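I have placed the structure first, in the form of structure tokens, so that the comments after it can refer back to it.
The values are calculated or read from the model by the stated rules, or taken from the named source; none is laboratory data. Predicted, not measured: the structure shown is a model, and the values here were computed from it. With ideal geometry, Cβ positions are generated from the backbone for all residues, glycine too; neighbour counts draw on all protein chains shown. Areas reflect the complete protein model, heavy atoms only, side chains present, ligands, DNA and RNA absent. Shrake-Rupley method; radii C 1.70, N 1.55, O 1.52, S 1.80 Å.
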Amino acid sequence: MATSNPQPLGGNQMPRFAGPATMMRLPQFASAAGLDACFVGVPLDIGTSLRAGARFGPRDIRQNSVLIRPYQMATRARPFDSLRVGDIGDVAINTFNLQQSIAIIEQAYDGILGTGCIPLTLGGDHTIVLPILRAMRRRHGPVGLVHVDAHADVNDEMFGEKIAHGTPFRRAVEEGLLDTRRAVQIGLRATGYGADDFDWPRQQGMRVVQAEECWHRSLVPLMAEIRKQLGNGPTYLSFDIDGLDPAFAPGTGTPEIGGLTTIQGMEIIRGCLGLQLVGCDLVEVSPPYDPFGTTSLLAANLLYEMLCVLPGVKREAG
């Protein structure tokens, strides 16, 4: 299929260990203007509570994206023939000031969304979803949510701080950024400080699917239910890599055993096909804890899967 859209640099044009250090070796653009979707990094990890290192996530994810080819063999999706996609680099956060970084991220996403472009974000710790959702609220109103994570991230505070990687979804509910009737959290598990850790989002109207409900089963039926629940409104997909079991994704700051498999992660994302996705993120990849790059390789492929389910992506008949 002939197209003038930007394309990833192919392995027969340039060896995969060479060429541009962008997501899938796509052309880099100075802004999102003129793009339908963009990859953008937010290298922030000063909101973490245990193991830092997610600031290196965007660079390592890009490095491990070089083997991904443009055509999805299973779903027959042709994202680069369907949409204009590019890599717009990283948001220049202030690594010494979390509050200022939040403001910088909000402003950056106001600019991205103002062009009509759908951002696919390479994190960074999960703090970054709060300023992104604030920008989404200004553009789309309260959004639906598909949130994959080991943790609900609804703490009221952490060490007295209202903004950190364990608090963004409580702040998002309080600020009216989410349509909680159209919100689901998948993969929550492990230990907590009390039942309220998972019950609070339920009390706000959100659906909580704990990891134990996902063990030993395909998540295709679950995603059919979720698509029906979320309907046609604007929806945001936030995927914390620790939602997957550390056997598959060891390079993360707060690993929890008993998590989702890589296949279930892919089923969740592919199950978002048909939703009105207005943005996606993949967060909490901490490369220092995975010297083999397995976690970043997985993250890169999940981001590609997100691209393949965006509105407007065509699929080849057959």
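Stretching the chain fully between Arg181 and Gln7 yields a gain of 58.8 nm (0.36 nm per residue, less the alpha carbon separation). Hey, what angle do you get for helix 220-230 against the long axis of the chain, alpha-carbon based, 0 to 90 degrees rounded to 10? So the helix axis and the longest Cα principal axis differ by about 80 degrees. Checking every one of the GluC sites (Glu not before Pro) in segment 141-243 against DSSP loop status and a limit of 14 other Cβ atoms within 10 Å picks out Glu157, Glu175. Within the listed set Gly11, Gly166, Gly259, the Gaussian network model of the chain (springs between alpha-carbon atoms below 10 Å) gives the highest mean-square fluctuation for Gly11.
If you take the square roots of the eigenvalues of the alpha-carbon gyration tensor of segment 126-274 and sort them as a ≥ b ≥ c, do you get rounded (a/c under 1.5), prolate (a/b over b/c) or oblate? Don't skip to the answer; put the middle values down first.
On the way: a/c = 1.59, a/b = 1.09, b/c = 1.47.
Since a/c reaches 1.5 but b/c is at least a/b, the shape of segment 126-274 is classed as oblate.
Between the helical axis of 294-308 and the longest alpha-carbon principal axis of the chain there is an angle of about 70 degrees.
If the chain linking Arg217 and Met14 were pulled fully straight, counting 0.36 nm for each residue of separation and taking away their Cα-Cα distance, it would gain 69.0 nm. Near the amide H of Gln276, within less than 5 Å, lie the amide hydrogens of Thr235, all on another chain or at least 5 residues away, with H placed in the peptide plane. Of the trypsin sites (Lys or Arg not before Pro) found in segment 212-318, those that fall in a DSSP loop while having at most 13 other beta-carbon atoms within 10 Å are Arg217, Lys314.
Just to verify a number: FRET efficiency for Lys162 and Gln210, C-beta to C-beta distance, R0 = 35 Å, to 0.05?
0.85
Per residue, the accessible area of segment 177-229 comes to 53 Å² when a 1.4 Å probe rolls over the protein heavy atoms.
What FRET efficiency comes out for the pair Gln28/Thr262, r = Cβ-Cβ distance, R0 = 25 Å, nearest 0.05?
Working: r = 29 Å, r/R0 = 1.14.
Step by step, r from the Cβ atoms, then E = 0.30.
Separation of segment 285-300 and segment 70-101, taken as the distance between their Cα centroids, equals 17 angstrom.
Give me the percent of accessible area attributable to carbon and sulfur for the chain, probe 1.4 angstrom. Don't skip to the answer; put the middle values down first.
Values: 7050 of 12910 Å².
The computed percentage sits at 55.
Of the chymotrypsin sites (Phe, Trp or Tyr not before Pro) found in segment 185-285, those in coil by DSSP whose Cβ has at most 11 other Cβ atoms within 10 Å are Tyr193.
Compared with the dominant principal axis of the Cα atoms in the chain, helix 129-140 is inclined by about 70°.
What does the extension gain come out to for Ala52 and Arg138, with contour length at 0.36 nm per residue minus their alpha carbon separation? Walk me through the numbers before you get to the answer.
Details: separation 86, 0.36 × 86 = 30.96 nm, distance 3.06 nm.
Difference between extended and current length: 27.9 nm.
Heavy atoms of the protein chains alone define the surface here; on that basis segment 22-166 has 38 Å² accessible area per residue at 1.4 Å probe size. Close amide-amide hydrogen proximity is noted between Arg207 and Ala183, Val184, Gln185, each under 5 Å apart and 5 or more residues distant or on a separate chain (H modeled in the peptide plane; Pro and chain starts excluded).
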